[in-house]
Amino acid sequence: MRTRKWTKTVKALCCLCIFIPLLTGCWDRLEIEERAVVLGVSIDTVDPEVVEEEEDEVSHLRGTITAPRNNMVRVAVQIALPGRIPLGPGESGGSNGSAEQTVWVIDVVGHSINDAFMNLQQQVSSRLFLGHLRVIVVSEAMAKRGLENVNDYFRRNPEVRRMAWLMISQGSAIKFMKASPKLERVPTLYLMSTLDEGMRMGKFPKDYIGIFWSNLSKKGQEGFLPYVEMKKEQNVEIKGLAYFVGDRMVGVTKPLEIAGYLAVKGINPAGYRVFIKLDGESETIMTNATHRKSIIKLQIKDDVPVFTITISVELNLEAKMSDEVKINNPATLKEIEQKQEEISVKFYSDIIKKTQAKGSDIFGFGEYVRAKKPQYWNKHVKNIEGWRKMYKNCQFEVKVLMKVRRIGMKAQ
């Protein structure tokens with residue numbers, strides 16, 4: 001009897017020990033009104049002479065240390081105003097919406113990203129919360145200087161989501177925080193949806209901040225980020241890919257060259273339309289790529305990697321600019337395929353050569369070498385610095401196969 005009672009007591013204590021931790025789930029709760037929810041961040045370079053009066057003495061006293069004034073940054077944050085963010089379809093968007101009604105933009109300067117956020121917290125009563133951070137915009141000048149400090153600060157912060165967007169702006173970045181787009185009452189959501197929808201429509205590859213950081217950590221690949229520009233109506237245009245060597249931006253592609261990157265990588269869906277000029281003087285058509293497939297093969301010849309890239313693309317005929325083009329003629333369709341194949345081979349090859357000139361392998365060809373030829377990698381390449389030099393001398397053979405699938409309802 002005593003054994004049974006002892007067993008029951010032990011079971012009861014075990015159950016009590018299991019359920020007690022569950023009762024402490026809200027011990028560290030913090031009401032949302034007590035947080036300063038940061039939705040977007042912009043980072044710009046600063047002229048040291050301009051910020052003499054703006055420099056705060058939060059992390060140091062002037063004259064006590066020699067601060068690196070040439071590397072000062074301006075950080076602006078977009079903070080959500082409690083109760084002002086639209087919660088449903090009936091409250092979102094609209095031309096009457098204004099960014100000033102839903103968010104508060106405040107900017108400070110600092111000697112580093114961490115220093116700037118310390119100065120910012122000194123001016124905001126609530127604790128800054130980055131759990132809902134969706135967009136980080138960095139100016140082109142800052143990206144060319146290097147993103148080491150930017151990556152280090154946000155990568156260490158556990159609140160930052162890896163599915164946020166990091167983008168490079170043409171010109172200053174703070175204007176993206178102060179914009180008031182017509183389609184969204186929250187500017188950050190407009191920036192985010194521009195890239196999200198572009199990705200779904202085949203206009204841009206998936207490149208969240210977590211993917212960018214992952215590419216920076218690889219030994220055979222470099223990172224890239226969306227390069228954006230603010231237009232006159234405060235809408236945002238994706239101007240190309242900003243490609244990097246390490247954490248430093250070294251070049252930008254053109255908007256159409258994004259399609260070339262997507263084709264080499266075989267990323268779907270395909271969403272770009274291009275003009276193709278046939279042999280006739282006025283025989284011009286527009287085609288739309290709908291599906292891509294890419295096969296990459298690797299060989300080592302004379303201790304140099306040789307890549308053969310076979311790209312298959314399915315096309316729709318979107319429009320013809322002249323009645324001289326008879327699209328119901330099989331010979332014309334064949335001519336369209338051959339003409340676009342010739343143009344595409346040069347187009348894709350030129351994009352690869354552009355990145356080779358900078359030693360920026362955004363395609364990840366070095367990862368193919370590491371995976372397929374590990375002995376060659378360990379002997380001749382060894383690390384990312386070795387691959388940057390090797391990538392400039394790699395040889396590429398591009399083959400393109402085009403197939404017109406649809407020509408429209410009226411084939412004349």
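Since every read-out is calculated from the coordinates, none of them should be taken as a lab result. No experiment lies behind these values; they were computed from the predicted model shown. Counting neighbours? That spans all protein chains shown, and the Cβs are built from the backbone with ideal geometry, glycine included.
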**Asked** Amide H to amide H, which residues 5 or more places from N235 or on other chains are under 5 Å from it, using H placed in the peptide plane?
**Response** none
**Request:** Choose one of P374, M321, M286: the residue whose Cα lies farthest towards the positive end of the charge dipole of the stretch 257-406 (beta-carbon charges +1 Lys, Arg; -1 Asp, Glu; about the Cα centre).
**Result:** P374
**Prompt:** Tell me, D196, D279 in order of fewest to most beta-carbon neighbours within 10 Å?
**Reply:** D279, D196
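What do you get for GluC sites (Glu not before Pro) in the stretch 225-308 restricted to DSSP loop and a cutoff of at most 14 other Cβ within 10 Å of the site's Cβ?
Passing both the DSSP loop test and the Cβ count: E233, E281.
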**Prompt:** Mind checking the dipole of the stretch 257-406: about its Cα centre, +1 per Lys or Arg Cβ, -1 per Asp or Glu Cβ, Debye to the nearest 20?
**Reply:** 840
**Fill in**
Note on the stretch 160-254: alpha-carbon gyration tensor, axes a ≥ b ≥ c; rule is a/c under 1.5 for rounded, else prolate if a/b larger than b/c, else oblate; result prolate
**Asked** What FRET efficiency would be calculated for the residue pair T284, A357, taking the C-beta separation as r and a Förster radius of 41 Å, to the nearest 0.05?
**Response** 0.85
**the stretch 369-383 - phi-based ³J(HN,Hα) in whole Hz, Karplus 6.51/-1.76/1.60, Gly and Pro as x** = 5, 4, 7, 8, 10, x, 5, 5, 4, 5, 8, 10, 9, 6, 8
**Prompt:** How large is ³J(HN,Hα) for each residue in the stretch 259-271, as worked out from phi by the Karplus curve 6.51 cos²θ - 1.76 cosθ + 1.60 (θ = phi - 60°), to whole Hz, x for Gly and Pro?
**Reply:** 4, x, 4, 4, 5, 4, 7, x, 8, 10, x, 8, x
**Asked** What FRET efficiency, computed as 1/(1 + (r/R0)^6) with R0 = 51 Å and r the Cβ-Cβ distance, is obtained for N114 and M321, rounded to the nearest 0.05?
**Response** 0.35
**Complete:** The exposure ranking of W387, W377, fewest beta-carbon neighbours within 10 Å first, is W377, W387
**Prompt:** Given H placed 1.01 Å from N in the peptide plane, which residues other than close sequence neighbours of V404 have an amide H under 5 Å from its amide H?
**Reply:** L315
**Overall form of the stretch 217-285 per C-alpha gyration tensor (a/c, 1.5; a/b vs b/c)** = oblate
**Fill in**
When D361, D115, D303 are ranked with the fewest other C-beta atoms within 10 Å first, the list becomes D303, D115, D361
**J(HN,Hα) series, the stretch 346-359, from Karplus relation 6.51 cos²θ - 1.76 cosθ + 1.60, nearest Hz, glycine and proline x** = 5, 5, 5, 5, 5, 5, 5, 5, 4, 6, 5, 4, 9, x
**Asked** What residues qualify as long-range amide H neighbours of V46, i.e. H under 5 Å apart, gap of 5 or more or another chain, H built at 1.01 Å from N?
**Response** M72, R74
